[in-house]
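Since the structure comes first, as structure tokens, the remarks are kept for the end.
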Amino acid sequence: MNDETMQNSSAEGSNAQINECYELIDNMTHQVESVLIGQREVLQQALVCLFASGHLLLEGVPGIGKTLLVRALSKCFGGEFSRIQFTPDLMPSDVTGHAVYDPKSEKFRIRKGPAFTNLLLADEINRAPAKTQASLLEVMQEQQITIEGNAYKTDSPFMVMATQNPLEQEGTYPLPEAELDRFLMKVYMEYPEQEDEVTLVKKITTGQISNSSLLDLVNVVASPDDIIRCQKVASEIDVDHSLFEYAVRIVAATRDWPGIRMGASPRASLALIRCSRALALIKRQAFVTPDEIKEVAAPIIRHRVQLSAELEIEGISVDDVIQDILNQVEAPRQ
């Protein structure tokens, strides 16, 4: 087999993998949308986060489908799924696991916690105090958990999808900056559009679907290995050198922008490239453009910067400032 034949064979194999990823993304989108009416943009951002091998923080008021989105997503890819309901009395060992003394063997044995899974739903994560929230720091960064001095690896793929209620609500604790920075994206889930809400109410009240059996409509369309393959395909999407510079300039601008008292770390620059690649894959593009970087900028940066008290008093939001930065930082010509 000559070099040209080998290159053609390799290209055909690569194209086949890419087409498989396109089909998988379409199937997953269809399955989740069968139970989550509206919220297409939120679903797309969740898929971006999944294929960029990151963790997602989902914020919104109770009752708009945050938990349903995570459970539907976990069911359609068929991996191990665990859910932890965060409460004020939840202990770190309830998340990670602990050593238990066995009287029969007179030895301690390790009881692994729910964090040993593929997809972990940390439901209402800001209902628990900081020490319990911090129990996820190691596993989110290193995909391992240390119990009694021994490190235990979690399975791949591994993703934390955390939901939280707005901080203005009673009984919430703010997440520490170190933990916020480990979430690849922070996505706001808004109220559904009126037309979507009418469709939802009509389907449930006429018996077309029921709250108790919603997830029965979701079918498994992918395996954990399929997700890993698509994560690899996404990581190989072509990015021009000028776009690496563009991503870094956007993040660097947050560090000396008027009204921002704490800018984003280099982790945000990495996230812009990773997520723009995953978004390009979802859009069926062979390369990243400045539009993908702009599209993922707000969910990547909004939880990594802190505004000054003056801007908050004036009612200026983080997203307003991010949009100003995107308007000011010149994008490369396509």
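All of the numbers you see were taken from the coordinates with simple rules; none came from a lab. What you see is a predicted model; the values in this text were computed from it and never measured. Methodologically, a virtual Cβ is constructed for each residue, glycine included, from the backbone with ideal geometry; neighbour enumeration extends over all protein chains shown.
Worth pointing out:
- Relative frequency of Cα-Cα separations exceeding 17 Å in the range 74-144, percent: 49 percent
- Only Cα sites of the range 47-101 enter the Debye sum here, all with the same form factor; the resulting log10 I(q)/I(0) across q = 0.12, 0.20, 0.23 1/Å is -0.41, -0.99, -1.15, listed in q order.
- Extension gain (nm, one decimal) between N150 and R261, 0.36 nm per residue minus Cα-Cα: 36.1 nm
- Distant-in-sequence amide contacts of Y152, defined by a placed amide H-H separation under 5 Å and a gap of 5 or more residues or a different chain, comprise I145, T146, I147.
- Positive contributions from Lys and Arg (+1) and negative ones from Asp and Glu (-1), summed over other residues with Cβ under 11 Å from the Cβ of Q143, come out at -2.
- Kirkwood Rh, angstrom, the range 286-331 [1 / mean 1/r, Cα pairs]: 11.7 Å
- Cα point-scatterer Debye curve for the chain, base-10 log of I(q)/I(0) at q = 0.14, 0.15 Å⁻¹: -1.22, -1.35
- Each peptide in 111-121, 147-157 receives the mean, over its residues, of other Cβ atoms within 10 Å, and ordering these scores from highest gives 111-121, 147-157.
- Relative protection proxy for 131-144, 188-201, 263-276, from highest mean packing down: 263-276, 131-144, 188-201 (other beta-carbon atoms within 10 angstrom).
- Unpaired Cys in the chain, meaning no second Cys C-beta under 4.7 Å: C49, C76, C275.
- Relative intensity, log₁₀ I(q)/I(0), of the range 237-334 from a Debye sum that treats every alpha carbon as a point, q = 0.15 Å⁻¹: -0.55
- Annotation: peptides 86-98, 44-56, ranked by per-residue average of other Cβ atoms within 10 Å with the highest first, follow the order 44-56, 86-98.
- Full-extension gain in nm, E190 to A178, via 0.36 nm per residue minus C-alpha separation: 1.7 nm
- Note on K283: lysines with a C-alpha under 19 Å away, same-chain residues under 8 apart excluded, are K232, K294.
- Residues V329, V288, V318, ranked from the fewest to the most other C-beta atoms within 10 Å, line up as V329, V318, V288.
- Ellipticity estimate at 222 nm from DSSP helix runs (n ≥ 4, -39,500 (n - 2.57)) divided over the chain, nearest 500: -14000 deg cm²/dmol
- Derived scalar couplings between HN and Hα for the range 320-329 equal 4, 5, 4, 5, 4, 4, 5, 5, 8, 7 Hz in order, rounded to whole Hz, by the Karplus curve 6.51 cos²θ - 1.76 cosθ + 1.60 (θ = phi - 60°), x for Gly and Pro.
- Fewest-first ranking of D102, D240, using other Cβ atoms within 10 Å as the exposure measure: D102, D240
- D_trans [Stokes-Einstein, Kirkwood Rh over alpha-carbon pairs] for the range 101-226, 4 °C, 1.567 mPa s, µm² s⁻¹: 71 µm²/s
- Taking N as its residue count, the alpha carbon Rg of the range 175-270 over 2.2 N^0.38 Å: 1.68
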